[in-house]
Each structure stands twice: as C-alpha cells, then as structure tokens.
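Notes to accompany the following structure.
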Amino acid sequence: MKNTADGGILVVDDDDAFRSFVAELFESIGYATRQLASGAGVLAAVADERPAAILLDVQLPGLNGYEVCRELRQRYGDSIAIVFISGSRTDPLDRSGGLLLGADDYLVKPVDPAELIARVTRLVDRPRSNRDAPSSNGKLESLTQREHEVLDLLAEGLRQEEIASRLVISPKTVATHIQRILGKLEVRSRAQAVSLALRQEPDVSGHGAADPFDLLV
C-alpha cells in the first residue's frame with residue numbers, strides 16, 4: 001500500500017527516462033508519486049495537493065528550478081522538502097546557490113538510487129515548520145541598472161566571460177561590477193548574491209542609469 005501522506009513525492013524533470021526511473025524507485029518503497037516535465041505546472045500541482053517532497057531539476061523548460069524553488073519557499077515556507085537534481089548545473093557555485101536559495105539538498109546526476117532514497121526519506125521524515133520566507137531587505141534597490149543586469153545574468157548561471165560577451169563589456173568590467181554588487185548587498189560570495197536576487201526578484205526596469213564606469217571601457 002502506497003504512502004500517500006502529505007501528497008507523496010513530486011518528480012519534476014524534462015528527462016522522461018530519468019523522471020520515470022525516480023518515480024518507480026520511490027513507488028517501489030511505498031510512496032505515491034506524481035510527475036511533471038516542466039516547471040510551469042509545479043505551483044498548480046502543489047496547490048492541488050501538497051507533496052511531502054519535490055525532486056526538482058534545475059534546467060527546466062519555462063520556469064527553471066531556481067525560480068520554482070523561490071516561489072515555493074515564498075508561498076509555503078519550508079513545509080515542503082525540496083531537492084535539486086541536476087546533470088548540467090553541477091559546479092560548486094550552482095550547488096551552493098541552490099542551497100542558499102532554500103533547497104534542502106542538491107544532488108548531481110548520475111544519482112546513486114540508495115543515496116537518493118536515503119536523502120529524501122530523511123527529509124520527508126523530518127519535522128518541518130511553516131515559517132515564512134525571508135522578507136526583502138531593500139539592498140537590491142541600491143544597485144544600478146547595469147549591476148542588476150550583471151546580477152540577473154549571474155542568476156542565469158553565466159560565467160564572467162559570458163556576461164562580458166552578452167553585455168558587450170570587458171571581463172574586467174564585469175569583475176568590478178560583481179565586487180560592487182557584493183559590497184552593496186553585504187554578502188561575501190556570488191552565490192549569496194544570486195540567492196538574494198532569486199528570493200526577492202525586484203522589478204529593475206526603472207532602476208538607476210547606466211553605470212558611468214562602463215563608459216571607460
């Protein structure tokens with residue numbers, strides 16, 4: 001008999017084979033599962049029936065995993081266990097950013113089935129609260145338009161050289177912007193800055209003018 005308490009396990013991954021494999025794995029130990037191939041339907045699925053845990057790919061069509069995690073934490077606090085599983089976003093920055101964003105765990109593919117079961121069941125069995133997600137501290141308001149652009153591209157997972165190419169500025173200029181962003185947000189790492197941006201997602205359309213530093217490049 002399946003364990004349907006708290007809605008079971010929601011598996012969100014655009015890889016059909018992997019998604020089915022994970023669902024069958026948890027069904028074999030008694031958990032009810034649901035499957036989604038994109039991030040767009042996650043919020044509606046959770047509102048319909050709140051799961052005990054969500055296994056979430058990062059690179060999803062539509063809403064990516066980071067965006068989905070942010071929205072879930074804002075709506076439900078930490079009442080749902082969220083585990084990122086990614087085969088592409090595997091760098092330390094990706095993993096630390098996902099954890100800072102509010103995920104309970106971050107695994108990389110290929111995943112050992114026994115380890116996956118152990119990590120997820122530990123989270124499902126752990127008592128969870130419904131505390132609210134952190135509120136905005138207003139520090140993002142101090143960023144210039146260009147700094148917001150750099151931070152947004154960092155949040156998309158782009159490297160320093162890729163950001164430079166996208167914004168048609170030098171990598172050195174990007175590095176300077178990143179240092180300014182860290183100082184203004186009072187954080188120590190890019191991952192913390194990305195986490196803050198993803199949690200709060202301000203409207204940057206009217207923020208400040210272009211940074212005059214760019215004119216020197």
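The values are calculated or read from the model by the stated rules, or taken from the named source; none is laboratory data. Note that the structure is predicted; figures quoted are calculated from it, not measured. These area figures cover heavy atoms from the full protein model, side chains too; ligands, DNA and RNA do not enter into them. Shrake-Rupley method; radii C 1.70, N 1.55, O 1.52, S 1.80 Å.
Laid out as a table, the results:
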| quantity | calculated |
| --- | --- |
| Restricting segment 2-18 to residues that are in a helix (DSSP H, G or I) and either open to solvent by 80 Å² or more (accessible area, probe 1.4 Å) or not hydrophobic (A, V, I, L, M, F, W, C) (or both), the residue that is modelled with the highest pLDDT | Asp16 |
| Members of segment 33-69 found to be in a loop (DSSP other than H, G, I, E, B) and within 16 Å of Leu123 (Cα to Cα), listed by number | Arg50, Pro51, Ala52 |
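One line per residue, one yes/no per condition, for (1) open to solvent by 30 Å² or more (accessible area, probe 1.4 Å); (2) modelled with pLDDT under 50; (3) hydroxyl-bearing (Ser, Thr, Tyr); (4) under 21 Å from Asn64 (Cα atoms):
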{"residue": "Ser136", "(1), (2), (3), (4)": "yes, yes, yes, no"}
{"residue": "Arg146", "(1), (2), (3), (4)": "yes, no, no, no"}
{"residue": "Glu161", "(1), (2), (3), (4)": "yes, no, no, no"}
{"residue": "Leu182", "(1), (2), (3), (4)": "no, no, no, no"}
{"residue": "Leu198", "(1), (2), (3), (4)": "no, no, no, yes"}
